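Worksheet: the structure to be examined is printed underneath.
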Amino acid sequence: MLYHLLLQAVNTQQSAEVLTSQLQLLHVDLNGDKNVEKAVNDLSQAASGGPLYVLIDEMGHKDMYTPKMEDIKTFCEKLLAQVPRLHLWAASCYSKNCPPSWQVEYLTRPLRSPPAVVREIKKDSLIIKGVSIQKYSERGVPDHTDGPPVTRLYHGGQGHSGGWPYKCVTCGREVASFLHSLRVGVTENNELTTLNTVTSTTCGTTPPCLQWRDVLVLYWVSVSDQSGIVTGLREAGIPVRVMKDEDIEDVATARSDVVWVADGDDVCGLERKVVVCVDYPGSRSNVRHASGGFHAISRCTSQLVFVE
């Protein structure tokens, strides 16, 4: 997402062809000595003897697939040795992930999500303890609205099956019904368009309806195209796709107007207006207590939905 935003910015400059060539998105693996060595060499070559600016997001994210802090520290030290004119910034929600001697700034004001969502994020056990994740500070600016009330849909009762929400077709249908109630994907008819055209001259432009690309459905288990909740969404007419590794650019840029169903850990750093968090086995009856559950909740900029 950051790469594409920077690309848009440099394309507006007079010498866009030069600036664009200086902007590179490198996919690197920092797990293990060999991978660290390759990443350092690749970046050193990109610098070509000049200054190098490196931006790392979600550094040391806490799961089994991300590099250990020792590997990240080694990477930074070796890169600095080879590229003296190095400028490196890294971001992480885990305050213990910073190597010693680094300059640290804690950004704790909740600016993405409305108060209704922030209150849910604050309930996460990692944030309550305040050990590995800093607690929120005061927002510092007025809250013009509390945001839409958090919606809870419950798996169980007549028509529900599959043991857990992600296996349940009925849960998918109920999520679809809620999305339809928000008028997601609705195209205004001619009568409304005419009315909006008239009123726009006196009251300002009418805000556009929500689009399917404004919605994320997030989970923490293996969900396929045949999973119950996906089937239920599709049967209700929702254009839905299950995210795969090769879809990350499409998801990051919201290029396709579809509802993406994704692993919550795969969309760190992104945000959507509507986020649906699906409960899963082991989350102690509340998705916010799942490993990294607050990552998914904090993607939400407006309407948060729990399927519990």
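Computed values, structure above
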{"quantity": "Leu26 accessible area, 1.4 Å probe, all protein chains in place, Å² to nearest 10", "calculated": "70 Å²"}
{"quantity": "Glu246/His144 FRET efficiency (R0 35 Å; Cβ-Cβ; nearest 0.05)", "calculated": "0.35"}
{"quantity": "For region 39-158: relative contact order, % (alpha-carbon pairs under 8 angstrom, 6 or more apart)", "calculated": "24 percent"}
{"quantity": "Extension gain, Asp257 back to Ser161 (0.36 nm per residue minus Cα-Cα distance, nm)", "calculated": "31.6 nm"}
{"quantity": "Straight-distance crosslink candidates among lysines, where the alpha carbon sits under 21 Å from Lys38 and sequence neighbours closer than 8 are dropped", "calculated": "Lys68, Lys73, Lys78"}
{"quantity": "List Thr187, Thr231, Thr145, ordered by accessible area with a 1.4 Å probe, largest first", "calculated": "Thr187, Thr145, Thr231"}
{"quantity": "20 Å Cα-Cα reach of Lys244 towards lysines, excluding residues that sit fewer than 8 places from it in its own chain", "calculated": "Lys167"}
{"quantity": "Inter-label distance for Lys122 and Cys268, nm, one decimal - labels placed 7 Å from Cα along Cα-to-Cβ", "calculated": "2.4 nm"}
{"quantity": "R0 of 45 Å, Cβ-Cβ distance Asn35-Arg152: FRET efficiency to nearest 0.05", "calculated": "0.60"}
{"quantity": "Qualifying aspartates and glutamates (Cα of each under 12 Å from Cα of Lys34; at least 8 residues distant if same chain)", "calculated": "Asp71"}
{"quantity": "With DNA, RNA and ligands ignored, accessible area of Val10 (1.4 Å probe; Å², nearest 10)", "calculated": "30 Å²"}
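The values are calculated or read from the model by the stated rules, or taken from the named source; none is laboratory data. Predicted model only: the values in this text are computed from it and were never measured. Backbone-built Cβ (ideal geometry, glycine too); neighbour counts: all protein chains shown. Calculation scope for accessible area: heavy atoms of the full protein, side chains included, ligands and nucleic acids excluded. Shrake-Rupley method; radii C 1.70, N 1.55, O 1.52, S 1.80 Å.
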